[in-house]
Amino acid sequence: MDVALQLAVENLLARYVHALDDDRLEEWPDFFIEDGRYRITTAENLGRGLPLPIIYADSRAMLRDRVSALRHANIYEAQRYRHIVSSVLVERADAGVVRATSNFQVARIMHTGESALFASGRYLDRIRLGETQRFEEKIVVLDSRAVDTLLAIPI
Amino acid sequence: MDVALQLAVENLLARYVHALDDDRLEEWPDFFIEDGRYRITTAENLGRGLPLPIIYADSRAMLRDRVSALRHANIYEAQRYRHIVSSVLVERADAGVVRATSNFQVARIMHTGESALFASGRYLDRIRLGETQRFEEKIVVLDSRAVDTLLAIPI
Amino acid sequence: MDVALQLAVENLLARYVHALDDDRLEEWPDFFIEDGRYRITTAENLGRGLPLPIIYADSRAMLRDRVSALRHANIYEAQRYRHIVSSVLVERADAGVVRATSNFQVARIMHTGESALFASGRYLDRIRLGETQRFEEKIVVLDSRAVDTLLAIPI
């Protein structure tokens, strides 16, 4: 096991979720390479080979558009999120690229103070190594199809 | 602190929960040595020194039997699980063996899409070191006695 | 990244939450330096710059008083807690001191066996390095103001 690599990947994931939970959404696209891919799908869809993700973006520009849309919808202030990430498995893929699989749970805290488990699932990531690690691809595989992600912040 | 050892233990725990959450139950016995012990108990029972665990196995063969029973019961497809593991403390025990204590939470996602916290507790593990780390003993200490583990996948 | 430092901080956080979840509250003050500060506040209060934390202590003596009060109130045995901590970011601050930011979720398990997400949020820690790492300051930033922390064990 490459200790430094393992911790570099865990560090990227940690910075990623803190940016989301702190409402620093404008930083979100910078966690991806310029033509990075982001999609949200469900375990059910992935298992059946269904091609259509719930959300799909394949460039930073699309991610920025999504942030703008969320800011415009102006619903974010009514809720908070808290990500927990664990069980990060790292393996080398191509030169300068690793795959990482991890588990996540997201709690949503409503304006009223009520909290609930909002979503759980796996991150399937391809990470480009460098001075700064960035996602080449991030696939969010939700355990449940009953997650309303349309107006949600990124996961 | 032995950095490589810490990460080796965390890696074992990560591979273990991913196998369970991915429904690769047939791989579960291989995380134990041939005469490995697995039991599920509750904090209440452990605190009172009550000897009877909820579930007990002391060989890979018994673990395989349990997997067969679960497959036969055919209820697994109706639900998913997602494990989160954190706060892993490692200490050396006997030669070639470490003890590890960690916290876990398991979310259960029903066929309907509903999610809920299913179980929480501690793993008390004895791990045999080697080329591949394996559990000599894994004690799952549930926080609550109100967990229906009879038909559940392993925790 | 300083691998040993990262794991030393994660180890401190792990020992801290295991002490709480194991009901070893008397050990809690020892995780702080003699004049260590502990406070619980909410994200809302922190964002508005409101000075008043929900709970405040600035010495081990005050922490010990709180433990005594909790033991006297004698309500702890009716409930259990389980902390999950993830996404630990460490950065050097002053000489011999690091800042650490992490995410947590706490499940509460009632005497009846019911479990629920009790609290979530961030730990903002200042940690004094040494033979034993200790908290100079630990700020618990709750995501929700609707958490009844008065009679709760420390978070």
- [ ] Would you please classify the overall shape of the protein assembly as shown from the alpha carbon gyration tensor, given that a ≥ b ≥ c denote the square roots of the eigenvalues, rounded means a/c under 1.5, and beyond that prolate means a/b larger than b/c while oblate covers the rest?
- [x] rounded
Task: Extension gain (nm, one decimal) between C:Ala4 and C:Val67, 0.36 nm per residue minus Cα-Cα - done: 19.5 nm
TODO: Shortest first and in nm with one decimal, please list how far the A:Gly47 label point sits from its counterparts in the other copies (point 7 Å along Cα→Cβ).
DONE: 3.7, 3.7
- [ ] Over chain A, give the accessible area per residue in Å² for a 1.4 Å probe, as an integer.
- [x] 43 Å²
Task: Size of electric dipole in the range B:41-155: Cβ of Lys, Arg +1 and of Asp, Glu -1, about Cα centre, debye, nearest 20 - done: 120 debye
TODO: Compute the label-point distances linking A:Ala73 to its equivalents in the other copies; points lie 7 Å from Cα along Cα→Cβ; give nm, one decimal, shortest first.
DONE: 3.9, 3.9
Task: Mean separation of Cα contacts under 8 Å (6+ apart) over length of the range B:43-155, as relative contact order % - done: 21 percent
Task: Cα-based Rg / Dmax (Å) for the range C:95-155 - done: 14.5, 48
TODO: Find, among the trypsin sites (Lys or Arg not before Pro) in the range C:76-155, those assigned to loop by DSSP (not H, G, I, E, B) with at most 15 other beta-carbon atoms within 10 angstrom.
DONE: C:Arg145
Task: At 7 Å out from Cα toward Cβ: B:Gly130 inter-copy label distances (nm, ascending) - done: 4.3, 4.3
Open item on the list: Tell me which trypsin sites (Lys or Arg not before Pro) from the range A:1-42 have a DSSP coil assignment and no more than 15 other beta carbons within 10 Å of their own.
Closed with: A:Arg24
Open item on the list: Quick check: net charge around C:Arg60, other residues with Cβ under 9 Å of its Cβ, Lys/Arg +1 and Asp/Glu -1?
Closed with: -2
Open item on the list: Of C:His18, C:Leu7, C:Tyr56, which is farthest towards the positive pole of the range C:7-100's charge dipole, taken about the Cα centre with +1 and -1 on the beta-carbons of Lys, Arg and Asp, Glu respectively?
Closed with: C:Tyr56
Open item on the list: Report, to one decimal in Å, the Kirkwood hydrodynamic radius for the range C:24-91 based on all distinct Cα pairs.
Closed with: 14.2 Å
Open item on the list: What number do you get for chain B when its Cα radius of gyration is normalised by 2.2 N^0.38 Å, N = residues?
Closed with: 1.01
Open item on the list: Using only the alpha-carbon atoms, how far is helix C:60-73 inclined from the longest principal axis of chain C? Give it as 0 to 90 degrees, nearest 10.
Closed with: 20 degrees
TODO: Stick to the Cα atoms of the range C:1-49, pair each with every other, and give me the Kirkwood hydrodynamic radius in Å at one decimal.
DONE: 13.0 Å
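The values are calculated or read from the model by the stated rules, or taken from the named source; none is laboratory data. Keep in mind that what you see is a predicted model, and the values were worked out from it rather than measured. Heads up, the Cβs are rebuilt from the backbone with ideal geometry, glycines too, and the neighbour counts pull from every protein chain shown. To get the accessible areas, we keep the full protein, side chains included, count just its heavy atoms, and leave off ligands, DNA and RNA. Shrake-Rupley method; radii C 1.70, N 1.55, O 1.52, S 1.80 Å.
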